[in-house]
1. For a test of the definition: using alpha carbon positions, the gyration tensor, and the 1.5 limit on a/c, classify region 36-83 as rounded, prolate or oblate.
2. Could you tell me how many degrees, from 0 to 90 and to the nearest 10, lie between the Cα long axis of helix 199-212 and the main elongation axis, the longest principal axis, of the Cα atoms of the chain?
3. Just from the alpha-carbon atoms, what are the Rg and Dmax of region 261-376 in angstroms?
4. Residues of region 165-191 with the amide nitrogen closer than 18 Å to a label point 7 Å from the Cα of Val312, along Cα-to-Cβ, please.
5. Apply the Kirkwood formula to region 175-286: the hydrodynamic radius equals the inverse of the mean of 1/r over all pairs of different alpha-carbon atoms; give it in Å with one decimal.
6. For region 175-286, what relative contact order do you get, as a whole percent, if you take Cα pairs closer than 8 Å and at least 6 residues apart?
7. Between Leu44 and Phe184, what is the spin-label point distance in nm, taking each point 7 Å from the Cα along the Cα→C-beta axis?
8. Please tell me the relative contact order of region 95-237 in percent, rounded to the nearest whole number, where contacts are Cα pairs under 8 Å and at least six residues apart.
Amino acid sequence: MNKELIKLTQRLIRIDSSNPPGKEKEIALFIKRYINDLKFTSKLYEFERNRPNLVCKIPSLRSKKKLLITPHIDTVPPSGKWRFSPFSGKIYRGRIYGRGASDDKGNVAVALYLIKLLREKKIRLKNLDLIIAFTADEETGSKVGIKPLLNYLGKIDYGLVLDSDDFEIVIAQKGLLHLRVEIFGKEAHGAYPERGINAIEKSVYILNELLQEDWENKVHPLLKRPTINIGRISGGEKVNVVAGFNFFELDIRYIPSMNKKNIEKKLRKIIEKYIRKYRIKILAHQEPLEIAKNHFLIKLMRKVLKRHKIKVSYKASLGATVINFLSERGIEGFCFGFGSKGCAHSANEYVKIKNLYGGVEVLKDYVLSLDDYAGR
């Protein structure tokens, strides 16, 4: 396993699958060839030209339950100053460097190697069908990735999203709400601002109050507090014209005790203190989620980690993984993985080789354990 798993990870890193712009075709075709060489079947699902998702289905003898294992194949583009080329797959001091090494190509390599082990060791699961989906577009919202793909996968019982670091079990995730707020004022000559309604000025008042909002002091033991980021703001025509229009975009991350409806209601209340004419557009939305530590899927993973003498560690995701989309479909599951903490999306991204080795063994053990559980 040693050299082959390392070389597989390097080959995946050397394929540029940056998103944007969305260059997943080459890596999807590479994965398809790899799976076909193992004599398993795979299928491409494309919801935008040249941006395929790849699915490999491995049926069990009795097909009592279905487990979806899904890493993503796109990466953010390389940026910053790199010690090694971002597409080199350079090995240095027990790490493999490159864009996507941790997020998420190390996890892709582990999932692919699991398929290889099932073939080489002639393992036929008894009760648990495996659906392994290598998905596109995770980095920009999954509009042509897992979201539409789920419509084609049939009923799935369990989900395991491979998109975490250092064997951490993600049991909670913030909700995501991206909003564009458009403010309509009234233009006038800049020398007579009282004759107009300055949309930029109104936006400043709104944003100032919004940033001071305490959200009723809501707090979560793992996710902490909700957050707001002002990602974009733009408006006005000229320096000597009262701005008749302005927009700003908000990234709101909220906790399970909150909901989208109440957030929007609060936002409207603040806006309407300062302006009558406005419009809110929802750009993206994902519900928050939690899975209990005593859920059988978590308890099973805990036992597997202890068998492999790996510390059990629980994590909350302050960002967004695709586990939300599975939860919305009623699929029980959690996020887990073998990346390296703190280096995703950064220059000099890497994955620890020991995580890859351990990841293959843990994932194989978990699948076999869940197969036994599904037969009860």
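1. prolate
2. Relative to the chain, helix 199-212 is tipped by roughly 50 degrees.
3. When restricted to Cα atoms, region 261-376 yields Rg and Dmax of 20.2, 62 Å.
4. 166-172
5. Answer for region 175-286: a Kirkwood hydrodynamic radius of 14.9 Å.
6. 46
7. Here the modelled spin labels are 4.6 nm apart.
8. RCO, region 95-237: 14 percent.
Just so you know, all these numbers are worked out from the coordinates, no wet-lab data involved. The model shown is predicted, which means the values in this text are computed figures rather than measured ones. All Cβ positions, even for glycine, are placed from backbone atoms using ideal geometry, and neighbour counts span all protein chains on display.
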